[in-house]
Amino acid sequence: MIPALIVFAYLAVVLYIGIFAFRKGSTGSGEDFFVASRKLGPMVFLLSIFGTNMTAVAILGSSGFAYQRGVGVYALMASSSGIVIPLTLWLIGTRLWSLGKKHGHITQVQFLRDRWESGGIGTFIAIVTALMLVPYIIIGVMGGGSTLETISGGQVPYAVGGAIVAITVVAYVFFGGMRGTAWVNTFQTVLFLAFGVTAFTLIAKSVGGFPATMQAISEGPQSFLLTRERMPAEEFFSYMFIPLSAVMFPHIAIMCMTAEKVTHFKRTVVLYPICILLIWLPSVYLGVVASKVIPGLSPSEANDVIIRLLSQNTSPILAGVLGAGIMACVMASDSQILALSTVFTEDLFAYYGGRKKFGPKAEVWAGRTFIVLIGLVSYVIALALKEKANIFELAIRFAFSGFAALAPVMLAALFWKRSTKWGALAATVWVVGCVFANWHLTNISDAMAPKPPKRPAASAMRGGPAAGGGPGAGTPALPGGIQAVVPSAQPGGTPQVTGDGPTPAPSVLQTAQGGAPGGAPEGMRPAGPGAGGPGGPGAGGPGGPGGKKKPPTAVRIFPQLGDMFLRGPVNVTIFGFLPVFPMVVGSALLMLLVSLITPPPSKATIDKYFSK
């Protein structure tokens, strides 16, 4: 319980910082509450904008995903993010800052509404972005509940831990607004950056050192964790589009408005990739280490692997201090809660007459009321999703993909004079349709999704973790008694079916009742080169030659459409690509084509936003 008590002390410090910042610097105006009067200094701006973008996904999500998929997780997100996000901050963030300061914009929707000369389309975009941000807030509550439950050894239940985190965040955002949130994010960013280096060093030493651990993994059945074997080229390529979401996130766009000077962006752009390295590299490495040290975790349990490593390899006091570092990253959802409140207040309440009718003070209190409602709704949903969602996948499937697909709308608004409101509307409707389609396809294909069985614990295993292939590499159970065969790692490639021992070499799919080779029903086709289709995320990837471990298969959702829609253990793919790829391409094409066939904006608007 000592680690949990240290985390509680940390939460008290965070609460104090948020309220103290409010009392010391608040002017009581809406601009002060929502964008700190646009006066954040260079270091606070850098650390707060980085901290607000590094939520539970960065530590818990990345380590949990690396536990299943290996070191390639770093390349999936961190490598591309280290390049794309700084570029978007420089190209888009600085222009948003300039236009916001010139015309008084607080949110991106205020800019888009004026740029497109349409209040209705602006409102539609505001509602869409607000709804897509909710999953990102939920994963913060999930991460907080999970962290406190694990670090306390179960003495603080998930529901109680999530409630404590939600109440703490809501409290200091409620009182401190943007200034309090920025200072808390600055403090938390310093803490979790220090956590990454410290946890990496201590845990690596405890488990035998980095070289020895990597050598042991490379020589065992989990060697695929040190390669990109489980990451098909299509999936790898798709992840390059995810960082486009950065500036379309309302909390990042609003944070861009808070800088005192445009020169503050320069330091942020230079140091941002280094900050990503310091937090993602240790998290991914520790996720891989955990797959060997703590085998047998389900995808939802894998979110806690770093906390489990800390509890097993450090003293209770040190585990508590480092646990506070994890909590610092998890609690970055504060800025998303404030952003949703800002969108509600500025883009809906104030725009539709609330400010004129009730006055400026009512505007701030409307925002605070919405902060409480957001916290409550997020907590309730987080309780329902405890055993149903992996933090990383939940974020990618809904929040990141949707906002990345809206990037063409923002780019066109800022840099293309001929772009029109109808192009923006068409692109936004496309994104909404794709998000719902992704949800629908995921929902209807849950029953047929190949689900790797939970790996046995180390004590029940012979020859190391996941003797059949490591995290997520077990044989997936398919409906109707179908089981996918995973070739053995032994020379000669004798296939194995989980639970049935070695069998003669059948086709890639066979029935659990001993059906004839190749007897898979239509729709249960394996994915991967040489197996009938491309591999999907979570479904593994290309199958290797004889003797090389083949990951679980993907299933055709609609057999008559071939490999167009495939379902892996977690995600739906389109010809093997994550949905974000066609979503971004489709959004860009609609923005272009519809703008070209519809009337351009008025000369006054073009002069307002494009005159030098």
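Observations on the model:
- Karplus (6.51, -1.76, 1.60) ³J(HN,Hα), θ = phi - 60°, over the stretch 164-181, in Hz, Gly and Pro reported as x: 4, 5, 4, 5, 4, 4, 4, 5, 6, 6, 4, 8, x, x, 5, 5, x, 5
- Accessible surface calculations at 1.4 Å, restricted to protein heavy atoms, place the stretch 171-235 at 37 Å² per residue.
- Charge dipole magnitude, Cβ of K and R +1, D and E -1 - the stretch 198-290, Cα centre, debye nearest 20: 360 debye
- If the chain linking Asp607 and Ile167 were pulled fully straight, counting 0.36 nm for each residue of separation and taking away their Cα-Cα distance, it would gain 153.8 nm.
- Estimated distance in nm for a label pair at Leu226 and Ala12, the labels positioned 7 Å out from Cα along Cα-to-Cβ: 4.6 nm
- 1.4 Å probe accessible area per residue over the stretch 118-170, in Å²: 25 Å²
- Those residues of the stretch 75-95 whose amide nitrogen sits under 19 Å from the label point placed on Thr263, 7 Å along Cα→Cβ: 90-91, 94-95
- Taking only protein heavy atoms and a 1.4 Å probe, the accessible area of the stretch 190-343 is 69% carbon and sulfur.
- Relative contact order, percent, the stretch 53-147 [alpha-carbon distance under 8 Å, six or more residues apart]: 27 percent
- For the stretch 302-434, accessible area per residue (1.4 Å probe, heavy atoms of protein chains only), Å²: 35 Å²
- Of the solvent-accessible surface of the stretch 54-145, computed with a 1.4 Å probe and all protein chains present, 71% belongs to carbon and sulfur.
- Partner aspartates and glutamates for Lys417 [C-alpha distance under 18 Å; skip if fewer than 8 residues away on the same chain]: Asp114, Glu117, Asp607
- Greater than 32 Å apart at Cα, pairs in Lys102/Lys356; Lys261/Lys357; Lys205/Lys261: Lys261/Lys357; Lys205/Lys261
- Difference of contour (0.36 nm per residue) and Cα-Cα distance, His440 to Trp365: 23.3 nm
- In plain terms, the C-alpha convex hull of the stretch 299-364 casts an average shadow of 6.8 nm² when viewed from every direction.
- Gain on full extension, evaluated as 0.36 nm per residue between Gln312 and Met1 minus their Cα-Cα distance, stands at 110.6 nm.
- Simple spin-label estimate for Val190 and Glu219 in nanometres, 7 Å along Cα-Cβ: 4.4 nm
- Surrounding net charge for Gly70, when Lys and Arg each add one and Asp and Glu each subtract one, Cβ distance under 12 Å: +3
- Per the Kirkwood formula applied to alpha carbons, the stretch 70-199 shows a radius of gyration over Rh ratio, Rg over Rh, of 1.04.
- If R0 is taken as 25 Å, the Cβ-Cβ distance between Val380 and Phe558 corresponds to a FRET efficiency of 0.15.
The values are calculated or read from the model by the stated rules, or taken from the named source; none is laboratory data. These figures come from a predicted structure and were not determined experimentally. Heads up, the Cβs are rebuilt from the backbone with ideal geometry, glycines too, and the neighbour counts pull from every protein chain shown. With ligands, DNA and RNA removed, areas are computed over all heavy atoms of the protein, side chains included. Shrake-Rupley method; radii C 1.70, N 1.55, O 1.52, S 1.80 Å.
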